[in-house]
Amino acid sequence: MNQRRNASSKSQPTKPLITKNPDISKQKGYKSQKSNFFSSEKNIFTLCLAFRIANSLLIQTYFNPDEHWQALEVAHRIVFGYGHLTWEWRKGIRSYFHPLVFAVLYKVLALFGLDTPWFMAHAPRLLQALFSAVGDLYFYRLSNAIFGNFVAKWALFSQLANWFMFFCFNRTLSNSLETVLTLVGLYYWPCMRASPSKAPLVLRKWGLAIAALACAIRPTSAITWVYVGLLELAVTRDRLKFLILEVVPIGALVLGLSCLLDRLMYGSWVIVPLNFLKFNFLSSGGDYYGTHKWHWYFSQGFTVMLFTFLPFSIAGSIKSKCWKLSGLIAWVLIVYSIQGHKEFRFVLPMLPIALMFSGYSLSVMAKSDSDTRRKGSPNSHMKRPSKVGFAIFVLLATNIPMALYMSLVHQRGTEDVMIYLSKEAQNEKVKGILFLMPCHATPYYSTLHYDLPMRILDCSPSEEKGIPDESDHFMMDPVSFVSTLMTNGSLPSHVVLFDSEEKLLRDFLISHSFTEITRFFHAHFKVDRDLQASVVVYALAN
């Protein structure tokens, strides 16, 4: 602990920002309540946990199919025996490591009889809130280790106030847990400290283990850890020991345990990282879901995630001169830019690092305001607002509305409809459901939590490029597709579809004895298709 403090105090760029002697403030006749609060990591964790719990309950919208289909749906199948496995699980490019986390949660809920519609919908995000709070705590620790306590407080403010962290961090995506592990892991790597030689080498073993675990959960996390590993190799004196006695055994142990776990779940030997690499990098399989220009992360993706924190992050990166962290962000963004398929969530682990620079920039402004008040008259602070006060106002005035709108309003219909159908199914009012919408547009059995027939439109990638999937066929001619579908199979009791397709299918559904029973608001503007303003539910007349 003393070594960690020494490393923090030797961070040259931030010496003026760190209050080394809290007694000085007492001598000047005022109490530093914030300093007392942040002196306890227990207080910080409690604050972060309370914030993330409230955060998780405020997330009521749909963001990415993987949140439900690659984690909760798989976990539900493991525990309750029914659930849909997407084509990725048939190809063996997903590890069971992440879904098993939520399988444990579902098992606990089932044992205590708490697997009700409310808990099934909210408990997974509440569990992720716990993980996120741990990530927040280690984010504070990492900021403190690199820049000192004063910067760490402003960095934590940036992390909690950023709209995208609020919107995405508590979702049950593998990227969210990857982000937590990245923050924890970076804290333990000596090369990320202000004075690497002062950090105990035992910390590095923990850093290696956590890095390996992150790669087991999401193989692309290796992009981050290759950079960190090379940086450690450059600064460490015992390179051979680092490689042979640490990297190889720890990496092999975690990889071996991951492979054993997947062997147990798949029923055969499956090397998930290899299959994942082949599909996403060697064959560009991810391009099936759309591609973006090479500069998308720089011009749109990461820029939107930072939002109004962007200028503060850039300024903090320049002023702090912490090029190893800036290099990490640049490295990850560049490598991901090579791939055609791009998504916001892929670079989520880099967002806290960029927000750490924002915290640095804000701390410089706060220090400047403090110096100005000290040099001026006692009432000088009454003449004009402080620079940091104005910055906080701008950041909160832009990020809070954005966070609440995206979490409470935009694309909530597909979540609402499944919660509604879950309650109806528990009351035995639903016998079967047909989803006439782009595949994976809603949660599935993990939210419905009732074993009844359901049918979605398949969108598994074809072996040959250019061949439309079932979802594409439906979008090209909805009436003809549904007519064939219902002629060749039994009629479901409920049909769920977006209003954009409902306009085309209304007459057909009415002619087959379906009537509209309810609809849910979904979005004010389109995302990647026609405007999907609402989700409509039709039921078969008795």
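Report, by residue number, each residue of region 181-195 that is open to solvent by 10 Å² or more (accessible area, probe 1.4 Å) and without any contact (Cβ under 8 Å) to a residue 60 or more places away in the chain.
Here is the first cut: in region 181-195, the ones open to solvent by 10 Å² or more (accessible area, probe 1.4 Å) are 181, 184, 188, 194-195.
Answer for region 181-195, where residues must be open to solvent by 10 Å² or more (accessible area, probe 1.4 Å) and without any contact (Cβ under 8 Å) to a residue 60 or more places away in the chain: LEU181, VAL184, TYR188.
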What is the one condition in (1) under 29 Å from CYS168 (Cβ atoms); (2) open to solvent by 30 Å² or more (accessible area, probe 1.4 Å); (3) in a loop (DSSP other than H, G, I, E, B) that LYS431 does not satisfy? (1)
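Can you tell which of GLY316, GLY340, GLY359 is open to solvent by 10 Å² or more (accessible area, probe 1.4 Å) and either in contact (Cβ under 8 Å) with a residue 12 or more places away in the chain or in a loop (DSSP other than H, G, I, E, B) (or both)? Steps first, answer last, please.
Details: GLY316 fails: open to solvent by 10 Å² or more (accessible area, probe 1.4 Å); GLY359 fails: open to solvent by 10 Å² or more (accessible area, probe 1.4 Å).
One residue alone meets the criteria, GLY340.
This table checks each residue for (1) buried (at least 16 other Cβ atoms within 10 Å of the Cβ); (2) without any contact (Cβ under 8 Å) to a residue 40 or more places away in the chain; (3) of a type outside the set (Asp, Glu); (4) in contact with an Asp or Glu (Cβ under 7 Å, 6 or more places away or on another chain).
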| position | (1), (2), (3), (4) |
| --- | --- |
| HIS295 | no, no, yes, no |
| VAL304 | no, no, yes, no |
| LEU333 | yes, yes, yes, no |
| LEU351 | yes, no, yes, no |
| LEU355 | yes, no, yes, no |
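Scan ARG506, ARG519, ARG529, ARG455 and give me the residue that is open to solvent by 30 Å² or more (accessible area, probe 1.4 Å) and in contact with a Leu (Cβ under 7 Å, 6 or more places away or on another chain). Steps first, please.
Working: ARG506 fails: in contact with a Leu (Cβ under 7 Å, 6 or more places away or on another chain); ARG519 fails: in contact with a Leu (Cβ under 7 Å, 6 or more places away or on another chain); ARG529 fails: in contact with a Leu (Cβ under 7 Å, 6 or more places away or on another chain).
One residue alone meets the criteria, ARG455.
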Residues (in a helix (DSSP H, G or I), open to solvent by 40 Å² or more (accessible area, probe 1.4 Å) and of a type in the set (S, T, N, Q)) located in region 399-428: GLN426
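With respect to LEU396, is the statement that it is among the hydrophobic types (A, V, I, L, M, F, W, C), at pLDDT 95 or above and open to solvent by 40 Å² or more (accessible area, probe 1.4 Å) true?
When the stated conditions are applied, LEU396 passes them.
Among the residues of region 92-137, which ones are part of a loop (DSSP other than H, G, I, E, B) and either open to solvent by 30 Å² or more (accessible area, probe 1.4 Å) or in contact with a strand residue (DSSP E or B) (Cβ under 6 Å, 6 or more places away or on another chain) (or both)?
We begin by selecting, within region 92-137, every residue part of a loop (DSSP other than H, G, I, E, B); these are 92-96, 112-116.
Scanning region 92-137 gives ARG94, PHE112, GLY113, LEU114, ASP115, THR116.
Look through GLU67, GLU88 and report the one residue that is part of a helix (DSSP H, G or I), under 21 Å from the mean Cα position of the chain (by Cα) and farther than 16 Å from ARG125 by Cα.
Numbers: GLU67 fails: farther than 16 Å from ARG125 by Cα.
Of the residues listed, the single one that is part of a helix (DSSP H, G or I), under 21 Å from the mean Cα position of the chain (by Cα) and farther than 16 Å from ARG125 by Cα is GLU88.
The values are calculated or read from the model by the stated rules, or taken from the named source; none is laboratory data. This is a predicted model, so every value here is computed, not measured. Here the Cβ is made from the backbone with ideal geometry for all residues, glycine too, and neighbour counts use every protein chain on show. Calculation scope for accessible area: heavy atoms of the full protein, side chains included, ligands and nucleic acids excluded. Shrake-Rupley method; radii C 1.70, N 1.55, O 1.52, S 1.80 Å.
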